[in-house]
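Take a look at the structure set out below.
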Amino acid sequence: MSITEDQARKVAHLARIAVDDAALPALARELGSILHFMEQLNEVDVAGVEPMTSVTPMRLKRRKDQVTSGSMADRILSNAPDAREGFFAVPKVVE
Amino acid sequence: MLDHLTYAAPQPKVIQGAKSDWELVIGLEVHAQIASKAKLFSGASTEFGAEPNSNVAFVDAAMPGMLPVINEFCVAQAVRTGLGLKAAINLRSAFDRKNYFYPDLPQGYQISQLYHPIVGEGEVIVDMGPGIARRVRIERIHIEQDAGKSIHDMDPNMSFVDLNRTGVALMEIVSRPDIRSPEEAAAYVAKLRQIMRYLGTCDGNMQNGNLRADVNVSVCKPGDYERFMETGDFSHLGTRCEIKNMNSLRFIQAAIEYEARRQIAIIEDGGTVVQETRLYDPDRGETRSMRSKEEAHDYRYFPDPDLLPLEIDQAWVDDIAAAMPELPDQKKARFVKDLGLSEYDAGVLTAEVENADYFEAVASGRDGKMAANWVINELFGRLNKEGLTIATSPVTAAQLGGVIDLIAKGDISGKIAKDLFEILWTEGGDPAAIVEARGMKQVTDLGAIEAAVDEIITANPAQVEKARANPKLAGWFVGQVLKATGGKANPAAVNALVAQKLGL
């Protein structure tokens with residue numbers, strides 16, 4: 001499966017990655033070769049094989065329903081480019 | 001005993017278009033905030049109304065290297081809800097990432113369960129009146145994270161973001177397209193809310209956004225829906241539009257009504273309905289397209305690599321099932337069958353679990369119908385009038401039960417009982433002690449009643465003549481005697497004596 005420049009542009013936009021038009025042909029080629037590899041993998045017959053989610057037999061770790069964190073708005077906001085009155089301030093989002 | 005009463009399906013709503021009749025087909029996705037202390041994957045509090053960004057852990061803010069750890073209680077709440085909807089519980093489910101960008105979603109994705117939800121197919125019986133109910137099938141329930149809150153009106157150029165709600169656990173409850181009128185849609189949401197409040201899995205507060213619904217609406221010609229149900233082929237149905245994020249039962253109804261008429265007008269004008277997401281504007285009473293977000297629909301779901309599949313044991317599910325409370329349908333059926341209440345009264349009493357508990361305390365060891373009358377007519381009537389709830393009722397179940405005991409024993413009449421209720425409401429106290437102390441006890445001493453009857457008869461010879469000619473007028477004497485005794489004379493005894501003395 002090959003990827004067109006338009007598809008590459010769309011994928012980049014969905015991921016909010018700025019890509020110059022000049023870089024699109026190379027990006028489309030790279031994405032195409034990744035998909036080509038996927039197609040090769042798809043040829044393997046995995047009928048009846050459970051997807052492997054972990055290399056060791058592990059159970060999903062659980063937590064208790066207890067409040068153990070929070071009350072640190074200043075630290076949460078400390079990396080924000082802009083914060084006002086305890087809120088993150090971002091360029092206006094138009095609905 | 002049956003879990004629910006027998007019922008017939010309601011008629012689907014028919015809308016008359018300019019050219020023909022149309023029916024509605026409605027399905028809902030209800031987002032219910034799971035009642036828990038901490039968030040789904042972090043230890044931050046879920047408390048409503050806290051200072052902005054104070055209920056935020058590093059996981060919620062998506063700080064690099066932070067990993068989600070699931071709150072086991074939230075999983076139990078979802079299982080409990082599934083059992084309450086008679087649904088299949090999936091012992092193995094898994095989390096996926098739903099990718100999109102928005103300032104109130106710092107991760108850049110929402111953790112959800114697209115491919116393997118924790119709860120499978122179930123059903124809800126939606127009551128539409130005594131003997132009438134719609135069975136709505138549930139397709140699935142999955143667990144997911146809520147997003148934060150953006151405020152757009154605090155600054156002309158900026159939006160303000162509060163992440164307190166980010167990562168709070170939600171259940172998304174997805175119905176089949178089994179709902180056939182705006183009223184049924186609202187009643188369906190109300191029933192889900194009722195069940196979840198009985199279970200304690202969601203507080204159902206729609207105003208705070210803890211329960212909200214996306215509504216899918218399409219229209220079709222009469223007969224098409226039946227063909228769809230027979231074949232499962234969606235091509236028999238019209239193109240649907242999704243109205244997002246409704247948090248009022250009234251708006252849900254109004255939005256569906258408007259949207260159905262909009263679609264009918266398009267089709268009858270020769271156009272085609274475009275499948276899209278719309279928003280309801282309550283100020284204008286109309287829905288409008290959310291075209292700006294169209295591109296965001298490419299969510300590029302994939303399994304979340306930070307989370308192993310969620311595996312739960314049947315024994316754990318069984319423990320949850322064993323601890324389930326009695327649900328509204330069962331309680332209502334029991335009130336009808338065991339206590340002899342009408343379905344309507346049973347419905348009123350079971351609407352809120354707190355009301356049902358109060359009623360049961362009043363009815364325990366007493367006449368069920370009498371208890372229902374007092375709770376519904378006197379207590380609920382008065383609570384409504386004064387803007388109070390059962391939790392803030394000045395009259396306790398024990399006090400109201402005491403009033404009913406005094407009536408049953410013949411100590412007070414129904415009329416005096418209302419005066420007693422008034423005293424309990426305003427002053428409080430023990431009903432029996434009040435009746436004793438204030439001389440409110442019914443006069444059952446026949447001699448005393450006889451004396452009062454004689455006195456009235458002697459004083460009103462003209463009335464006596466009239467009553468002898470027309471026995472219906474005997475009621476006047478009964479009234480006079482009751483008045484003379486301050487309503488304390490036993491009405492049955494007065495009736496008998498008046499009739500005897502007048503020779504009727």
Residue match in the range B:434-443 (condition: exposed (fewer than 15 other Cβ atoms within 10 Å of the Cβ) and aliphatic (A, V, I, L, M)): yes
Filtered residue count, the range B:136-181, keeping only those that are away from chain A (no Cβ under 14 Å), within 23 Å of the chain's Cα centre (by Cα) and not charged (D, E, K, R): 12
Residue within the range A:30-39 that is closer than 24 Å to residue B:60 by Cβ and of a type in the set (Ser, Thr, Tyr) present: no
Search result, residues across the range B:160-177 that are within 17 Å of residue B:29 (Cβ to Cβ) and buried (at least 23 other Cβ atoms within 10 Å of the Cβ): B:169, B:170, B:171, B:173, B:175
Members of the range B:296-341 that are touching a residue at least 24 places away in the same chain (Cβ under 8 Å), within 11 Å of chain A (Cβ to nearest Cβ), part of a loop (DSSP other than H, G, I, E, B) and among the hydrophobic types (A, V, I, L, M, F, W, C): B:307, B:312
Residue check for residue B:250: away from chain A (no Cβ under 14 Å) and in contact (Cβ under 8 Å) with a residue 40 or more places away in the chain: yes
Residues of the range B:107-130 satisfying the condition of being surrounded by 20 or more Cβ atoms within 10 Å (Cβ to Cβ), over 15 Å from residue B:166 (Cα atoms) and over 25 Å from the mean Cα position of the chain (by Cα): B:113, B:117
Residue among B:460, B:470, B:490 that alone is touching a residue at least 60 places away in the same chain (Cβ under 8 Å), over 28 Å from residue B:388 (Cβ atoms) and open to solvent by less than 70 Å² (accessible area, probe 1.4 Å): B:490
The range B:107-130, subset in contact with a helix residue (DSSP H, G or I) (Cβ under 7 Å, 6 or more places away or on another chain) and not aliphatic (A, V, I, L, M), residue farthest from the other protein chains (Cβ to nearest Cβ): B:130
Candidate set from the range B:23-38 (those that are open to solvent by 20 Å² or more (accessible area, probe 1.4 Å) and outside any loop (DSSP other than H, G, I, E, B)); member that is nearest to the other protein chains (Cβ to nearest Cβ): B:33
Candidate set: the range A:12-30, residues that are open to solvent by 80 Å² or more (accessible area, probe 1.4 Å) and part of a helix (DSSP H, G or I); chosen: the one farthest from the other protein chains (Cβ to nearest Cβ): A:22
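State the number of residues belonging to the range A:36-95 that are within 8 Å of chain B (Cβ to nearest Cβ) and either free of Cβ contacts under 8 Å to residues at least 12 places away in the same chain or outside any loop (DSSP other than H, G, I, E, B) (or both).
Taking the range A:36-95 first, the residues within 8 Å of chain B (Cβ to nearest Cβ) are A:53-54, A:58-73, A:76-77, A:82, A:84-95.
Restricting the remaining residues to those that are either free of Cβ contacts under 8 Å to residues at least 12 places away in the same chain or outside any loop (DSSP other than H, G, I, E, B) (or both) gives A:53-54, A:58-73, A:76-77, A:82, A:84-85, A:87-95.
Counting residues in the range A:36-95 that are within 8 Å of chain B (Cβ to nearest Cβ) and either free of Cβ contacts under 8 Å to residues at least 12 places away in the same chain or outside any loop (DSSP other than H, G, I, E, B) (or both) gives 32.
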One residue from B:104, B:60 being within 13 Å of another protein chain (Cβ to nearest Cβ) and crowded, with 21+ Cβ neighbours inside 10 Å: B:60
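Got a number for residues in the range B:195-253 being charged (D, E, K, R), open to solvent by 50 Å² or more (accessible area, probe 1.4 Å) and over 19 Å from the mean Cα position of the chain (by Cα)?
Total satisfying the criteria: 7.
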Restricting the range B:63-83 to residues that are free of Cβ contacts under 8 Å to residues at least 12 places away in the same chain and within 9 Å of chain A (Cβ to nearest Cβ), the residue that is farthest from residue A:68 (Cα to Cα): B:63
Lone unmet requirement of (1) within 14 Å of chain A (Cβ to nearest Cβ); (2) over 28 Å from the mean Cα position of the chain (by Cα); (3) open to solvent by 10 Å² or more (accessible area, probe 1.4 Å) for residue B:17: (1)
Among (1) more than 13 Å from chain A (Cβ to nearest Cβ); (2) open to solvent by 50 Å² or more (accessible area, probe 1.4 Å), the one test that residue B:133 misses: (2)
Given (1) buried (at least 23 other Cβ atoms within 10 Å of the Cβ); (2) in contact with a Ser or Thr (Cβ under 7 Å, 6 or more places away or on another chain); (3) not β-branched (Val, Ile, Thr), number of the condition residue B:41 does not satisfy: (2)
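So is residue B:97 charged (D, E, K, R), in a strand (DSSP E or B), free of Cβ contacts under 8 Å to residues at least 60 places away in the same chain and crowded, with 19+ Cβ neighbours inside 10 Å or not?
no
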Members of the range B:390-418 that are open to solvent by 30 Å² or more (accessible area, probe 1.4 Å) and either without any contact (Cβ under 8 Å) to a residue 24 or more places away in the chain or at positive phi (or both): B:392, B:396, B:409, B:414
Single match in A:45, A:21, A:82, A:6 (criterion: within 30 Å of residue B:47 (Cα to Cα) and out of contact with any Leu (no Cβ under 7 Å at 6 or more places or on another chain)): A:82
Residues that are of a type in the set (Val, Ile, Thr) and either surrounded by 10 or more Cβ atoms within 10 Å (Cβ to Cβ) or over 23 Å from residue B:307 (Cβ atoms) (or both), drawn from the range A:36-55: A:44, A:53
Every residue from the range B:423-433 that is loosely packed, with under 13 Cβ neighbours inside 10 Å and in a helix (DSSP H, G or I): B:426, B:433
Odd one out for residue B:447 among (1) assigned to a helix (DSSP H, G or I); (2) more than 30 Å from residue B:435 (Cβ to Cβ); (3) modelled with pLDDT under 85: (2)
Residues that are within 27 Å of residue B:191 (Cβ to Cβ) and assigned to a loop (DSSP other than H, G, I, E, B), drawn from the range B:365-406: B:387, B:388, B:389, B:393
Among the residues listed as A:74, A:65, the single one being open to solvent by 100 Å² or more (accessible area, probe 1.4 Å) and under 30 Å from residue B:35 (Cβ atoms): A:74
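The values are calculated or read from the model by the stated rules, or taken from the named source; none is laboratory data. None of these values were measured; they are calculated from a predicted model. Using ideal geometry, Cβ is built from the backbone for each residue, glycine included, and neighbour counts are taken over all protein chains shown. Keep in mind that these areas ignore ligands, DNA and RNA; they rest on the heavy atoms of the full protein, side chains included. Shrake-Rupley method; radii C 1.70, N 1.55, O 1.52, S 1.80 Å.
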